[in-house]
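Chemist: Below is a structure I'd like to ask you about.
Nothing in this text is a laboratory measurement; each read-out follows from the coordinates by a stated rule. Here the structure is a predicted model, which means the values were calculated and not measured. Please note: Cβ atoms are built from the backbone with ideal geometry, for glycine as well, and neighbour counts cover all protein chains shown.
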Amino acid sequence: MYLSSPVVTKVPCSINVLSSVTQSLTKCNFSMNQPNHFLFSKKIQTKVSNNSGQSFQKVPTSNSNWKMGEPQKILSGKTLTFEPSVFTSSQFHQFLLNSFPRPACIISTISPEGTSNAAPYSFTNLVCSDPPTFSLTVFKNPDGSLKDTQVNIDASNEFAVNLVSDWFIESAHASGIPCSPEVSEFEKIGFTPKPSSIIKSPLVAQSPVNYECKVSTRIPFINREGKETAICYMGEIVKIHVNEQVYDADKATFKYENLKALIKLGGSLYAKINTVVDPTQPSSSQ
């Protein structure tokens, strides 16, 4: 059950808070052994062909002969150490974006007037599986005004998370252009709306995986000057939609070669997931 009255907690905006939010999915990706066993054979260098003629490949780790207790590689370069204060706000924002790859998502909402909104966000992540919860951080506009996404979520206490795959990266990225509140990105960009089951916000039909979320907690971020710079929403997942071409329900595993999920880097850069590694967990006796 999600909370009917969202909890509001004020915490300082620190690098530790930001990094803890942005690391979660990186650690989660491909960490479940069972799905990997279903998807890949034990043979290394297995290629899986997809409809586009590209291949999805499982490759060995960089040091597959590593043993417990053996120190692994440390870069030979000099460590550069900074205080966050040496950066401007925009510089530090880009530093974080470039240093922590994140899942590429479209967040869809609906205004009180019924205008559907869709915008790309990468400060969103899985933070809990019980209750199943996404986090979404929405920054204010450069002039201090609220983004349409925040206005809509504050009014409705809901939002949808739509995973971005490479077959609609052009329109997904274009949805970040500024639009007035009365303009629907679904119409302007060309997204196909798909009805939700529980929430009112429409889903992006181009996305292979959609999550309907109800807000359970709000966390405003306050900088050292006492200024609110962003707000983080914790949204409990109340309904999941997944296309059968990317998910095997019988085996309860995703078909990564069909999912073609994208990872957001800094600036306008994205990364495709074309290869995976599956390190063997050593036993405690080793």
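Chemist: List the equivalent ellipsoid semi-axes of the stretch 165-218 in whole Å, largest first, each obtained as the square root of 5λ for an eigenvalue λ of the Cα gyration tensor.
Modeler: On the way: eigenvalues 79, 48, 27 Å².
They are 20, 15, 12 Å, listed from largest to smallest.
Chemist: With the Cα gyration tensor of the stretch 50-118 in hand, convert its eigenvalues to equivalent ellipsoid semi-axes via √(5λ) and list them largest first in whole Å.
Modeler: Numbers: eigenvalues 278, 160, 25 Å².
So the equivalent ellipsoid measures 37, 28, 11 Å along its semi-axes.
Chemist: Please list, in chain and number order, the residues 5+ apart from Y247 or on another chain whose amide H is under 5 Å from its amide H, with Hs placed from the backbone.
Modeler: Amide H neighbours of Y247: K255.
Chemist: Hey, another quick one. Translational diffusion coefficient, Stokes-Einstein: compute it for the stretch 42-199 using the Kirkwood radius over C-alpha pairs as Rh, at 20 °C and 1.002 mPa s, and state it as an integer in µm² s⁻¹. Working shown, then result.
Modeler: Details: Rh = 19.6 Å.
It comes out at roughly 109 µm²/s.
Chemist: Mind checking the stretch 163-205 for GluC sites (Glu not before Pro) that DSSP puts in a loop (not H, G, I, E or B) and that have at most 13 other Cβ atoms within 10 Å?
Modeler: Values: sites: E170, E182, E185, E187; in loops: E182.
Answer by residue number: E182.
Chemist: Once you've got the Cα coordinates, tell me which of K73/K260; K140/K200; K58/K260; K140/K188; K140/K239 are over 26 Å apart.
Modeler: Details: K73/K260 30 Å; K140/K200 24 Å; K58/K260 14 Å; K140/K188 23 Å; K140/K239 28 Å.
Beyond 26 Å between Cα atoms: K73/K260; K140/K239.
Chemist: How many angstrom separate the Cα center of the stretch 138-192 from the Cα center of the stretch 231-259?
Modeler: Here the answer is 21 Å between Cα centres.
Chemist: Taking all pairs of distinct Cα atoms, average 1/r, flip it, and tell me the Kirkwood hydrodynamic radius of the stretch 227-279 in Å to one decimal place. Before the final figure, lay out each step's value.
Modeler: Details: mean 1/r = 0.0682 Å⁻¹.
Averaging 1/r across every pair of different Cα atoms and inverting gives 14.7 Å.
Chemist: Here's something else I'd like to know. When only DSSP loop residues count, what GluC sites (Glu not before Pro) in the stretch 203-270 have their Cβ near at most 13 other Cβ atoms within 10 Å? All intermediate terms of the calculation are to be shown ahead of the outcome.
Modeler: Numbers: sites: E212, E225, E228, E236, E244, E257; in loops: E225, E244.
Qualifying residues, ordered by number: E225, E244.
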